[in-house]
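K.L.:
My questions will all concern the structure given below.
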Amino acid sequence: MSPLSWLRLQTSRRVLQGAGILFGLFGVTGIGMTHIIFPGLHCYACPLAITVCPIGLIQNLIVFGTVPYFWFGAVVAYGLFAGRGFCGWFCPFGTLNDLLSFRKVRILKSASLAKYAVLVGTIVAAWAMADTVFCKICPAASLEASIPYLFMGVATVNRPFLVHMASLGVTLVGMVLVARFWCRYLCPMGALLSLFNRVSLLRLRLQEHKCTDCGTCATKCPMGLEPHFDHDNHNCIKCGLCATECPTGALRLTLSPRRARD
Amino acid sequence: MARGNSVRSKPGRWMCRRSTVAWTWIGLAALVLALFGLGVLAQDPILEVSSFPDVLQLPPDGEAVARVFLGNPTITEADDAEVFLLVVPDDLAVASDPEILAKIDPFSDGYLDLRFLAQGLPEGTYEVLAELVYTYCDDDSCFEVVEPLSFVLDVREGAVPIAVDSFGSHQGAVGLLPLLIAGVVLAAALIVFVFVRKAVIVVLAVGLIAVGALAYGVLNDQHEQAQGIGSVLCTSCVGIEESSHGEPSLSAATRSALAAIEGPETTEVLVFYAVWCHSCPYAEAMVEAFAAESRWLEYRFIDVEMEPEQAAQYNVIRSGRTIVPATVLPETGTVLFGVADLEQRLLDALRRAP
């Protein structure tokens, strides 16, 4: 990929990630909670949040016994549009993962299935205990709710606070040791969006005749994937780092409907 | 990176994988359809009955309305729903409007309003027992279903009943019809897919279902519900503190400290709660226990979802989020969030009050 288009793709991604953070913290303007479901993992209890966390919402709806039509429609619409692209381009917690992506190692590939277990566990726990169990250990809530409320004088240092700090600490250490640790192995929102990853409009295309199998892309992938022979993986967050680094331009990130042979 | 051993998927293999994916889709869809089919066939012909509000608050000479929602999630029509009163306190008249709900269509809902008219009822809590009777007819055999109902009345001087127009005419989403429509759309798309072999058809169907679900959710005010969930924060929900259950019992020290506080005429304590909040009943019980030990303490419980303007007035909103449970002393403007160590905090706050 030419230097100019590298700049374009990765700069636009950074700009959109910034927009994601800005959208997540739009409460500074004082507009309060809106009807929008956030397309990522972003705590609705965050004092500056204006959007509803999809994972928090579904737990509440399960507790209330509501058939989640609105939630389902929003999540499927997000999924069909970009799949896990939201993880790589928009989600603020994903951006934090991104900023700590030092070691893009390819390990524990099958452990990435754990996030589906987290998703199912979140739902079952909400149903069985009639409470938002996942929120009490969610590291995004640790960062976006626990800490701010401590400074606002609503929270105190107590056991639930320490549980939050422990989960945040473990996740941060994980992120430093393995790039995108949370997104790879544990994020329930990532698991939801993963379901749509292979049918979404935003996708990674591989032009096989251009690919020389050099494997450069695999060294750049923060999710530890090998785009040169598995460009349509359920874990791909469509960050486009493989495409920007591909020496022959065989990989491209496109926003278009799929055809049979893509 | 290792080059030699990488196995590239050839076009042929890729196509093969694609049809495997397609069959997975078909299998999943068949499973979903089968589940819905079973759900419809195995249904008991029973209405989903719920009533609102949980506790009717009314003054000794006033009136309050309870709405009994009747949802019919089945494919059979229900007829002649009527409420019969069993136990009613003296000085209370109850009327049903309409008297009989003649028909509740399949996958639809209706409601009966019960008007409670107190005629000099002494202050206190009362329970009204009643039963709901309705019939189901299957061809020419009909049978009668009886559901017990109970209503809790909280009669207090100055109580304000909840306005009837805030009740809404639905209680949650009723029925399997939207799910059935979604299933039919998906099944149709899969049948077309089997002949045309274009995955885009299935994706479009899923997209269509998503848009339909969004629209149906908005029609049922689920977007408002989502906003409501986001804008009220209970202290134990995201782990700001642990939730407390059960009845608090005041320590001897608190009791004597309360007795030592010089009796002002009255001090009011407000507890802001949400119906789904786990710790709120504990905060309410704590304030009740305080009131039992002191003649001068009066209290009021306020549902933040019903009376958001009160929440704003008494400053229990922090950066756009109403936080419950919140115990408020309007006199000093003290706001106590949560239930951790509430006994001591409330006592300290009361001591500081004039």
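K.L.:
Looking at A:THR156, A:THR122, A:THR132 in this structure, which one is away from every other protein chain (no Cβ under 11 Å) and of a type in the set (Ser, Thr, Tyr)?
P.N.:
A:THR122
K.L.:
Between A:ASN158, A:ASN233, which is more than 18 Å from A:LEU9 (Cβ to Cβ), crowded, with 19+ Cβ neighbours inside 10 Å and either of a type outside the set (A, V, I, L, M, F, W, C) or modelled with pLDDT under 90 (or both)?
P.N.:
That would be A:ASN233, the only listed residue that is more than 18 Å from A:LEU9 (Cβ to Cβ), crowded, with 19+ Cβ neighbours inside 10 Å and either of a type outside the set (A, V, I, L, M, F, W, C) or modelled with pLDDT under 90 (or both).
K.L.:
A further question follows. All but one of (1) touching a Pro at 6+ places or on another chain (Cβ under 6 Å); (2) at positive phi hold for B:MET286, so report the exception by its number.
P.N.:
(2)
K.L.:
May I ask you to verify whether A:GLY40 is within 30 Å of A:GLY121 (Cβ to Cβ), at pLDDT 90 or above and in a loop (DSSP other than H, G, I, E, B)?
P.N.:
When the stated conditions are applied, A:GLY40 passes them.
K.L.:
Residues in the range A:95-110: is at least one modelled with pLDDT of 90 or more, within 14 Å of another protein chain (Cβ to nearest Cβ), open to solvent by less than 10 Å² (accessible area, probe 1.4 Å) and touching a Lys or Arg at 6+ places or on another chain (Cβ under 8 Å)?
P.N.:
Among the residues of the range A:95-110, not one is modelled with pLDDT of 90 or more, within 14 Å of another protein chain (Cβ to nearest Cβ), open to solvent by less than 10 Å² (accessible area, probe 1.4 Å) and touching a Lys or Arg at 6+ places or on another chain (Cβ under 8 Å), which makes the answer no.
K.L.:
To continue, here is another question. Here are the criteria: (1) at pLDDT below 85; (2) open to solvent by less than 50 Å² (accessible area, probe 1.4 Å). Tell me which single one B:ILE209 does not satisfy.
P.N.:
Every listed condition holds for B:ILE209 apart from (1).
K.L.:
Can you pull out the residues in the range A:25-37 that are open to solvent by less than 70 Å² (accessible area, probe 1.4 Å), outside any loop (DSSP other than H, G, I, E, B) and modelled with pLDDT under 90?
P.N.:
A:GLY27
K.L.:
Can you give me the number of residues within the range B:202-240 that are in a loop (DSSP other than H, G, I, E, B) and within 30 Å of A:GLU144 (Cα to Cα)?
P.N.:
Residues in the range B:202-240 being in a loop (DSSP other than H, G, I, E, B) and within 30 Å of A:GLU144 (Cα to Cα): 7 in total.
K.L.:
Let me ask something additional. Go through B:GLY239, B:GLY320 for me and flag whichever is free of Cβ contacts under 8 Å to residues at least 60 places away in the same chain, within 11 Å of chain A (Cβ to nearest Cβ), among the small types (Gly, Ala, Ser) and on the phi > 0 side of the Ramachandran plot.
P.N.:
B:GLY239
K.L.:
Every residue in the range B:317-343 that is hydrophobic (A, V, I, L, M, F, W, C) and either at pLDDT below 85 or under 20 Å from B:SER244 (Cα atoms) (or both), please.
P.N.:
If the condition is that a residue be hydrophobic (A, V, I, L, M, F, W, C) and either at pLDDT below 85 or under 20 Å from B:SER244 (Cα atoms) (or both), then B:ILE323, B:VAL324, B:ALA326, B:VAL328, B:VAL335, B:LEU336, B:PHE337, B:VAL339, B:ALA340, B:LEU342 are the ones that fit.
K.L.:
Sticking with this one: What pairs come up if the first residue lies in the range B:140-151 and is more than 27 Å from B:VAL94 (Cα to Cα), the second is open to solvent by less than 80 Å² (accessible area, probe 1.4 Å) and among the polar types (S, T, N, Q), and their beta carbons are under 6 Å apart, counting only those six or more places apart or on different chains?
P.N.:
If the second residue must be open to solvent by less than 80 Å² (accessible area, probe 1.4 Å) and among the polar types (S, T, N, Q), the pairs left are B:CYS142/B:THR135.
K.L.:
Can you tell me which residue within the range A:59-86, out of those that are open to solvent by less than 10 Å² (accessible area, probe 1.4 Å) and in contact (Cβ under 8 Å) with a residue 40 or more places away in the chain, is farthest from B:GLU48 (Cα to Cα)?
P.N.:
Across the range A:59-86, the extreme among qualifying residues is A:GLY85.
K.L.:
Right, next: Among what's in the range B:268-286 and is buried (at least 22 other Cβ atoms within 10 Å of the Cβ) and of a type in the set (Val, Ile, Thr), pick the residue that is nearest to B:ASP154 (Cα to Cα).
P.N.:
Per the criteria, the residue is B:VAL271.
K.L.:
Please go through the range B:210-227 and pick out each residue that is facing another protein chain (nearest Cβ under 7 Å) and over 21 Å from the mean Cα position of the chain (by Cα).
P.N.:
Hits for the range B:210-227 are B:ALA210, B:VAL211.
K.L.:
If you check B:GLU224 against the conditions, is it closer than 20 Å to A:ALA77 by Cα, of a type in the set (D, E, K, R) and not assigned by TED's automatic domain parsing to the domain that holds B:GLU305?
P.N.:
For B:GLU224, the condition - closer than 20 Å to A:ALA77 by Cα, of a type in the set (D, E, K, R) and not assigned by TED's automatic domain parsing to the domain that holds B:GLU305 - is met.
K.L.:
Now for a different question. Just wondering, is there one or more residues in the range A:186-202 that are more than 24 Å from A:PHE81 (Cβ to Cβ), out of contact with any Phe, Trp or Tyr (no Cβ under 8 Å at 6 or more places or on another chain) and either open to solvent by less than 60 Å² (accessible area, probe 1.4 Å) or free of Cβ contacts under 8 Å to residues at least 12 places away in the same chain (or both)?
P.N.:
There is no residue in the range A:186-202 that is more than 24 Å from A:PHE81 (Cβ to Cβ), out of contact with any Phe, Trp or Tyr (no Cβ under 8 Å at 6 or more places or on another chain) and either open to solvent by less than 60 Å² (accessible area, probe 1.4 Å) or free of Cβ contacts under 8 Å to residues at least 12 places away in the same chain (or both).
The values are calculated or read from the model by the stated rules, or taken from the named source; none is laboratory data. Keep in mind that what you see is a predicted model, and the values were worked out from it rather than measured. All Cβ positions, even for glycine, are placed from backbone atoms using ideal geometry, and neighbour counts span all protein chains on display. Side chains included, ligands, DNA and RNA excluded: accessible areas come from the protein's heavy atoms. Shrake-Rupley method; radii C 1.70, N 1.55, O 1.52, S 1.80 Å.
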